[in-house]
Each structure stands twice: as C-alpha cells, then as structure tokens.
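Let me begin by presenting the structure, written as structure tokens, before commenting on it.
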Amino acid sequence: MSQKTDHLQQLAEIKTMMERSSRFLSLSGLSGVFAGFFALAGAAAFYIFVNQRIGYGYSELAHRLPIDLDMDFYTFCFVDAGATLFLALAVGSYFTARKAKEDGQRIWDLSVLRFMFNLFIPLATGGLFCLILLFKYHWFGIIPPATLIFYGLALLNGSKYTLDEVRWLGISELILGLIGCLYLGYGVTLWAIGFGVLHIVYGLIMYIRYEAKPKEKKYW
C-alpha cells in the first residue's frame, strides 16, 4: 500500500513539474482584487464626470450616433482609463512577482511570454477597434461592451497557459459584453461589473484557493 502511495505521489510531483514548465501558475489573487477596486473607482469617476459635464444621462450618450462632445470629455476618458490601467498593472505586477518568488518560479520565462503574447493579440486588436469606433465613427456607446468582449477573448486565448479559473473569468466577461451590446444604456454599469466586481470575486477565489493555504494548493 505504501509503495502504491509513493508511486501516486511521484506521479503527482511529475505532473506538477510539467505544468510548471508549460503554464504560468503564479498569478496572484490579490492582483485581481485590487484591479477590481481600481475599475470600480474609474467607473464611478466617469459617471460623476458625465453627470456634471453633460446635460443628459449616460443612456442617451450611449445611444447617440455620432456623439458631439468637446475635447475635455475625450481627455478625461483617456486619463481615467489610463490611470485605472496603470494602477491595475502596477499593483498586479507587484503581487504576481511576489507570489512567483514565493513559489520559486521565475517572473519571466517561456510560459509567461506565451501567456502574455496570447493575451496581447486580442487586447491590442480590441483597443484599435475601439479607437476606430471613437474617432472615425464617433460612436461611444458600443465601446464599453466591446472592451468586455475583447478582454474575454484575450483571457480565453491566454487561459491555456495559466490557471483554469482564468477561462471562466473570460467566459463571464464575454457574456457581459454581449449583454451590453443589447442594452447600450447599461454599458458602463456592465463594464464596472465585469472589470470591477468579477475581478474582485475572481481574485478572492484565487487567493483562498492558492494563497491563503499554500501547503494545500493544487495546480490540477
């Protein structure tokens, strides 16, 4: 019986080593939690700005095609989005690097590069698509659900090189994005749920499952 247990343990260790060499397993749940809070703050700041600077609500703004807004609106949108993205990436990089060090895994190796490359392609495509919508067609309402859709596609594309939970987060983002396309007036609300609430929930699940009890964490 002991010999059989030893064989099973050896197989488990081999499987873990193989997955560590092909998948990036040191994503930190705290990264998702903080990214979610930053996204909620960014969405709240946008709502406040719209209500104070535009004489009509977001629902009307989302359905207007084309939109006719001053440069202050575009400047605020880019500053708000840029600050949210920068803070999420900075804090996320810190917690992920810390977890990778604790796991004895390098922060930059082939598995990380594969994950980032597969994540980058849909994200870059989505970013260019949204810029075309905004500056060529002056259509703002479709941008929030479009970012959810392309982000979901990016997570799905990169999920094969990291933890399986990322795949389910990607599917959830896709569903919210498609709903947002049907109900443009709720685009920013759904964006806040997708990038804010879902990231917090995902981050907490990841933290409890893989970080709160390091000795019991599993990678399969």
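Structure values in brief
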{"item": "The one condition in (1) loosely packed, with under 12 Cβ neighbours inside 10 Å; (2) under 24 Å from Lys136 (Cα atoms); (3) modelled with pLDDT of 80 or more that Phe86 fails to fulfil", "result": "(2)"}
{"item": "Of the criteria (1) closer than 18 Å to Leu27 by Cα; (2) touching a residue at least 24 places away in the same chain (Cβ under 8 Å), which one Phe86 fails", "result": "(2)"}
{"item": "Residue list for the stretch 123-151, filter: without any contact (Cβ under 8 Å) to a residue 40 or more places away in the chain, crowded, with 16+ Cβ neighbours inside 10 Å and within 17 Å of Leu89 (Cα to Cα)", "result": "Leu123"}
{"item": "Looking only at the stretch 144-166, and only at residues there that are of a type in the set (Phe, Trp, Tyr) and at pLDDT 95 or above, the one that is nearest to the chain's Cα centre (by Cα)", "result": "Tyr151"}
{"item": "Top-ranked residue in the stretch 69-83 [being loosely packed, with under 15 Cβ neighbours inside 10 Å and of a type in the set (D, E, K, R); ranked as farthest from the chain's Cα centre (by Cα)]", "result": "Asp70"}
{"item": "Residue within the stretch 172-183 that is touching a residue at least 40 places away in the same chain (Cβ under 8 Å), in contact with a helix residue (DSSP H, G or I) (Cβ under 9 Å, 6 or more places away or on another chain) and buried (at least 18 other Cβ atoms within 10 Å of the Cβ) present", "result": "no"}
{"item": "Test result for Ile208, touching a residue at least 60 places away in the same chain (Cβ under 8 Å) and surrounded by fewer than 16 Cβ atoms within 10 Å (Cβ to Cβ)", "result": "yes"}
{"item": "Residue in the stretch 104-111 that is within 14 Å of the chain's Cα centre (by Cα) and part of a helix (DSSP H, G or I) present", "result": "no"}
{"item": "Subset of the stretch 99-115 that is among the aliphatic types (A, V, I, L, M) and loosely packed, with under 14 Cβ neighbours inside 10 Å - its residue that is modelled with the lowest pLDDT", "result": "Leu110"}
{"item": "Cβ pairs under 9 Å, 6+ apart, first in the stretch 89-102 and over 10 Å from Gly32 (Cα atoms), second surrounded by 15 or more Cβ atoms within 10 Å (Cβ to Cβ) and of a type in the set (D, E, K, R)", "result": "Lys99/Glu211; Glu102/Glu211"}
{"item": "Checking Val50 against (1) out of contact with any helix residue (DSSP H, G or I) (no Cβ under 7 Å at 6 or more places or on another chain); (2) of a type outside the set (Asp, Glu); (3) at pLDDT below 90; (4) assigned to a helix (DSSP H, G or I), the condition it does not meet", "result": "(1)"}
{"item": "Residues being loosely packed, with under 13 Cβ neighbours inside 10 Å and among the polar types (S, T, N, Q) - total across the stretch 40-68", "result": "2"}
{"item": "Test: residue in the stretch 167-189 that is in a helix (DSSP H, G or I) and at pLDDT below 90", "result": "no"}
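The values are calculated or read from the model by the stated rules, or taken from the named source; none is laboratory data. Computed from a predicted structure; not experimentally measured. Because the Cβ atoms are built from the backbone with ideal geometry, glycine has one as well, and the counts that use them run over all protein chains shown.
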